[in-house]
Ligand code: COA
């Protein structure tokens, strides 16, 4: 049987321990995982596209349980990227019912665009069910501790952003 390639997509602005939890769960099931750092046209990210790709790569390098996973930046449609990578599966995390409606819309649209790729949803640990990239940024920029929610390399990148911002004020 041929290997099953799965894509874990997201804006990853920045990647959190919640995302990493889902990525590790997917790694236990599928033969090959590609993290797709994509563009959500509805979001204005803190980190540029290139910074998000770079930061996600550094997170993968810094965690031995993630070794072997590829990180790629995606500028077009996710389903076209899936076709190009011969990926049969797109994996997303579902934290709470609140995620469901948005995910359902994306799943139906992706299926319309490419019926050969299947969306699969996984639940993260309950301890990550309230974590989101936005909330992590909010806590951090207001002086809170985010060390339980993101890897060390992400904290370093956010500290750099903070000092760049303070330099501009
Ligand atoms: N644990 C904790 N938090 C999680 C999580 C988990 N398991 N899974 C998701 N989240 C959070 C994220 O932190 C993020 O929070 P935020 O909204 O506060 O930033 C939010 O849930 C979802 O963000 P993320 O997973 O990074 O991605 P997204 O929802 O922005 O991703 C894309 C959407 C990129 C997959 C989608 O826009 C896309 O496919 N773009 C490519 C273009 C395309 O094909 N468009 C058509 C799509 S139908």
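The C-alpha atoms of the chain occupy a region whose extents along the principal axes are 53, 33, 31 Å, arranged from largest to smallest. Distance between the pseudo-spin-label points of residue 147 and residue 3 (7 Å out from Cα toward the beta carbon): 3.7 nm. Computed extension length for residue 83-residue 70: 3.1 nm, one decimal, from 0.36 nm per residue of separation with the Cα-Cα distance subtracted.
Using the Kirkwood radius over C-alpha pairs as Rh, can you work out the diffusion coefficient of region 77-162 via Stokes-Einstein at 25 °C, viscosity 0.890 mPa s, in µm² per second? For the chosen part, D equals 162 µm²/s.
Length gain on complete extension for the stretch residue 54 to residue 105, per 0.36 nm per residue less the alpha carbon to alpha carbon distance?
Once the chain is fully extended between residue 54 and residue 105, it gains 15.5 nm.
For Cα pairs less than 8 Å apart in space and 6+ apart in sequence, what is the mean separation divided by the residue count of the chain, i.e. the relative contact order in percent?
Once normalised by length, the contact order is 29 percent.
Here, each number is a calculation from the coordinates, and none is a lab measurement. Since we're looking at a predicted model, the values are computed, not measured. Counting neighbours? That spans all protein chains shown, and the Cβs are built from the backbone with ideal geometry, glycine included.
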